[in-house]
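The values are calculated or read from the model by the stated rules, or taken from the named source; none is laboratory data. Please read all numbers here as calculations on a predicted model, not as lab measurements. Because the Cβ atoms are built from the backbone with ideal geometry, glycine has one as well, and the counts that use them run over all protein chains shown. Surface areas here come from the heavy atoms of the whole protein model, side chains and all, with no ligands, DNA or RNA. Shrake-Rupley method; radii C 1.70, N 1.55, O 1.52, S 1.80 Å.
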Amino acid sequence: MFWHPLFLAVISSQFMALLLLLAACPAWLNTALNWDPLVADHQQLSLETKAEGASILGRAAFGLSLFSGVLLVFGIANIFHEDIPGAMCGTGVCQAMSADGSTRLLLYNGLLIMLMKLWYELDKLNRMLAQMPLTQISARLFLTIPVVATLTLKQTYDSFAGIRPNQPVDCCAVVYDQFSTIEQATSIFGLGDRMWLIAFIVLNTLLLIVSVALSVSRIDRPWERSALAAITWLWLPVAALILVNVLSAYHYDVLHHHCPWCLFLPEHHLVGYPLYGGMAFIGMEGLTLFILPLFVKHDTGIYPIALNLGRQAAKKIAMAQLLFLIIAVLPAIVWRLRYGVWMSG
């Protein structure tokens, strides 16, 4: 077992968040079953009080989950490798975990934060309205979160339980060993880097155009929200692949070092945090602006407010995308201007 103090902080934060979620569940369950805003009896007033308390607990749990997620990434990228022989970055830490443990660990943590972000936006919209008409929907969504939080906590423990501090790992050697030829290093899923770069440029253009158009539009066009959400979730994997396989070379000054974790290291100016953080932010905002209006599309009083929140989300997506492009692409442009060629020729 890997009992690092930072790991204890991560798992303690996850455990406290789970306790807060479980403490809020009875109130949300009662609310989901018995909420009736048209009645002003003692039971309804008591439910409203308990629902507000449960909302506070949920927001606190969301904050703790975000904190533990950031702490987890920071530990994997910058801290834990110091206690694992042969590990030089997060790749070595993930290699030291049990089989597929790191993949499930990041997947569960990402899913938990995404669900809690969606609930948080719905709860925020509900609290903007005097009668809180979305309370039952918010309660039902909230009741799914403790299940994911429990799985996340278990997976965090299992992943780190697989680490043997005295067992060396290959770390970055694994990054190079995955390619037996140069052709494999310059292609992704059988397609050359050039094709993926074209897709990256097209998706970035579409993402910027649609997000800006949606953020300034005052007319409700549901297809724009659907298109932006679809483009966002198409852009995410393509951007991640291009970042690791092509653009990271201009940060490392080394070709074909396809390591996502080295971008988090101080020698590379910690650019992994704004890059991957921006991608995660874009993905969550894309999901929010698509799903939030769907929850309230039949309520003419709430729908305009949800649309306004969607416009704000589109504006945030455009700003986060520009930040991502500046940090990710600028080193490549500087290299081209300085040497007259791209690093790959």
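In the set (1) within 25 Å of residue 336 (Cβ to Cβ); (2) modelled with pLDDT under 90; (3) open to solvent by 60 Å² or more (accessible area, probe 1.4 Å); (4) in contact with a Phe, Trp or Tyr (Cβ under 9 Å, 6 or more places away or on another chain), residue 206 fails one condition alone, (2). Of the residues making up region 218-241, those that are open to solvent by 30 Å² or more (accessible area, probe 1.4 Å) and in contact with a Leu (Cβ under 7 Å, 6 or more places away or on another chain) are 220, 234.
Within region 7-22, the set of residues being in contact with a Gly (Cβ under 8 Å, 6 or more places away or on another chain) and open to solvent by less than 30 Å² (accessible area, probe 1.4 Å) comprises 7, 10, 21. Of all residues in region 23-58, those being assigned to a helix (DSSP H, G or I) and either among the polar types (S, T, N, Q) or open to solvent by less than 70 Å² (accessible area, probe 1.4 Å) (or both) number 21. With the requirement that a residue be open to solvent by 10 Å² or more (accessible area, probe 1.4 Å) and in a helix (DSSP H, G or I), what does region 70-89 give you? The answer is 70, 71, 73, 74, 78, 79, 81, 82, 83. Candidates in region 140-171 are the residues that are aliphatic (A, V, I, L, M) and more than 23 Å from the chain's Cα centre (by Cα); of these, the one that is nearest to residue 296 (Cα to Cα) is 161. I'm trying to understand the selection: among the residues of region 310-343, which are surrounded by 12 or more Cβ atoms within 10 Å (Cβ to Cβ) and modelled with pLDDT under 85? Hits for region 310-343 are 342, 343.
Residue count for region 273-298, restricted to those that are touching a helix residue (DSSP H, G or I) at 6+ places or on another chain (Cβ under 9 Å), part of a loop (DSSP other than H, G, I, E, B) and open to solvent by 20 Å² or more (accessible area, probe 1.4 Å): 1.
Picking from 270, 228, which residue would you name as being among the aliphatic types (A, V, I, L, M), out of contact with any strand residue (DSSP E or B) (no Cβ under 9 Å at 6 or more places or on another chain) and part of a loop (DSSP other than H, G, I, E, B)?
270
In this structure, is residue 244 without any contact (Cβ under 8 Å) to a residue 40 or more places away in the chain, open to solvent by 60 Å² or more (accessible area, probe 1.4 Å), of a type in the set (A, V, I, L, M, F, W, C) and closer than 19 Å to residue 279 by Cβ? Answer is no for this residue.
Being among the charged types (D, E, K, R), buried (at least 19 other Cβ atoms within 10 Å of the Cβ) and at pLDDT 90 or above is a property that holds for residue 117.
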